[in-house]
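Participant: Shown below is the structure under consideration.
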Amino acid sequence: MAGIVNDPQVTGMTYGPQHASAEVLNRYAQGSLPPQDRQRLEPHLDTCAPCRAQLAAHTGSRQIDRLWHRLDHALDLPVPGRLERCLLALRVPDHMARVLSATPALRSTWLVGVLLTLLCTALTARLLEPDARSPFTFVALAPLLPALGVAISSSRRFDPAYEIGQAAAPSVFRPVLLRATAVLLSSAVLAALASLILPRLGPAAFGWLLPMGLTTALSLVLMPRCGPVTAPALAGAAWLTALVLTFRSEVLFSAAGQSVLAALLLAAVVALMALRAGFDFQKGIQV
Amino acid sequence: MNPETTTEAAPVPSAAAGEAMVQVTGLTVRYRRTVALDGVTLSLGTGVTGLLGPNGAGKTTLLRALATVLVPSDGSLSVFGRDPLEPRSRQEIRRRLGYLPQAPGFHRHFTAFEFVDYVAILKEHTDRAARHEEVRRVLDAVGLSEVRGKKLKALSGGMRQRVALASALIGDPELLILDEPTVGLDPEQRLRFRELVAELGEGRTVLLSTHQTEDVSALCHRVVVLAAGRVRYDGSARGLGELADGRVWFSPEREPRAVAGWRTGTGLFRNIGAPPPGAQTADATLEDGYLLLNSAAESGMWPEPEAGTRPEGGTR
């Protein structure tokens, strides 16, 4: 190891032949010692009190202060909440995890409520519609839940820090889209779980999936013009209207019907992307 | 004297002289049948400007319009020379302003650090290390370093108010809009707050809405008084106090002619209004001028002192 034990380049050796040189310790203190030398020096430092004492002399008080400062802050950083820890474990970037952990429709109470509602509806369908290919009540309800989640996640009434957030975010599009996507995904996972107890588990039992995306996308498209509560309400009303109009035919859950829903979803996503530059919902705004 | 003409009597000291960061022209905001702001025109330059006015005068509406969270019904608004109605300009304005709303809400399950960090993320500070450094800086500025790891639900109202102020300071904004920031602060915290705002006012534009006339006296080089959605006074803090010169007097009994009066610790009544002949007038303060202006705005009458009153010399 350079600088330790009989190294010919060592100058200013303070200790005996078994100790590190002043130069090496100084370079180590400055952080400029090559990694391979650092790896050999550190075990030596661990067992050699004189070298540790010599190292302390080479470490400036400002460096020590900086180190303590860094350590102090690292220890003081709060432990994230349960939801945030789960998101971080799923490799969600920390800034996104923090925004999502402040989303009302991702709180455990909301998620448990949604799951129970879906399970009850699926159970009811099993009992009352045992022969239905696509249980009406379940597929009618599931797409309304993410729209409701988007409403409570974007509205002043349910977000206590609404006004601070509105003035802080240069563009509200990103946080709104992030929250809506998370609400949609969580609703879809819970609905998929609840679907397992439906009477017939064919593709038609998952007829709620595209409408779920559509009500969410439509809520966002309408939000700048109608506001964060009215927009999801209109999207939900549009879905219920479509269901009522096609009640007897079940055409919405046929291949053709699902294709139309997919096309509408694509159109809504394109419209949303076109709106993103001016996306906002200030009070009184007219886009 | 018409109270609406007081701007001419006490000209604006610096906003007109310096570069206007904010220019408001004929700003009107209507909520259905209610007119919250009625053709407000003013400009703001560097320094701390106080915004005074009774409840319902339109202060919060004006601040919300300036903070780009409310779209005016009529008139024009320019912040940093940009129009907040234009989406890209609005984004640019939001990057450069800090806003402390009236009665700010919080995600109470967050710690102070996490909440300010959350606001920093919304402000698009995505680099973790730099963001955390900035969060520590603003929490330190408001004196909350020691409690940064505590949950907001465990903090006092005054501490939460300081957390909101710290959030407004993220990114070192050029324009700071503070809506009643001293609510819930104890005297020591208010003193610290004054020091902080005075420091922030150097080189920045700070608009401070408050009911605390002491804060305005201590901090503001300029005062705007709103009443019923209109600007009733726009001038120096000293000029607002001077409006009450010769109109403040003491009496042993309550004076029916006073527009405002209260019993002081000495047992005498301190009256504001048109003093009777022979009354010994006292030094007027900014609060006296403000109360007089408000009563005049309500009644439409300006109380002229009667002949024979004896004004006392007046440094304030």
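Since every read-out is calculated from the coordinates, none of them should be taken as a lab result. Treat the numbers as computed from the prediction; the structure is a model and nothing was measured. With ideal geometry, Cβ positions are generated from the backbone for all residues, glycine too; neighbour counts draw on all protein chains shown.
Participant: Write down the percent of antiparallel bridges among all DSSP beta bridges whose residues are both part of the protein assembly as shown, to the nearest 5.
Facilitator: Once the DSSP bridges in the protein assembly as shown are tallied, antiparallel ones form about 60 percent.
Participant: Any idea how far apart B:K150 and B:E195 come out in nm if each label point goes 7 Å out from Cα toward Cβ?
Facilitator: Computed distance between label sites B:K150 and B:E195 equals 2.0 nm.
Participant: Rank the residues B:M21, A:M273 as a footprinting-exposure proxy: fewest other Cβ atoms within 10 Å of their Cβ go first.
Facilitator: Lowest count first: A:M273, B:M21.
Participant: Pairs of lysine in the protein assembly as shown with Cα under 24 Å and at least 8 positions apart or on different chains: total?
Facilitator: 5
Participant: Give the list, by residue number, of cysteines in the protein assembly as shown with no other Cys Cβ closer than 4.7 Å, or say none.
Facilitator: A:C86, A:C120, A:C226, B:C220
Participant: Next question. Note down the magnitude of the dipole of the protein assembly as shown about its Cα centre, charges +1 on Lys and Arg C-beta and -1 on Asp and Glu C-beta and zero elsewhere, to the nearest 20 debye.
Facilitator: Charge dipole of the protein assembly as shown: 1920 debye, to the nearest 20.
Participant: On to the next question. How many nm separate the modelled label positions at A:L177 and B:L268, each set 7 Å beyond the Cα in the direction of the Cβ?
Facilitator: In this crude spin-label approximation the distance works out to 6.9 nm.
Participant: Below 8 Å, C-alpha to C-alpha, sequence gap of six or more: please give me the relative contact order for chain B in percent.
Facilitator: So the answer I get is 22 percent.
Participant: Something else now. Order these by the 10 Å Cβ neighbour count, fewest first: B:K150, B:K123, B:K59.
Facilitator: Starting with the residue having the fewest Cβ neighbours, the order is B:K150, B:K123, B:K59.
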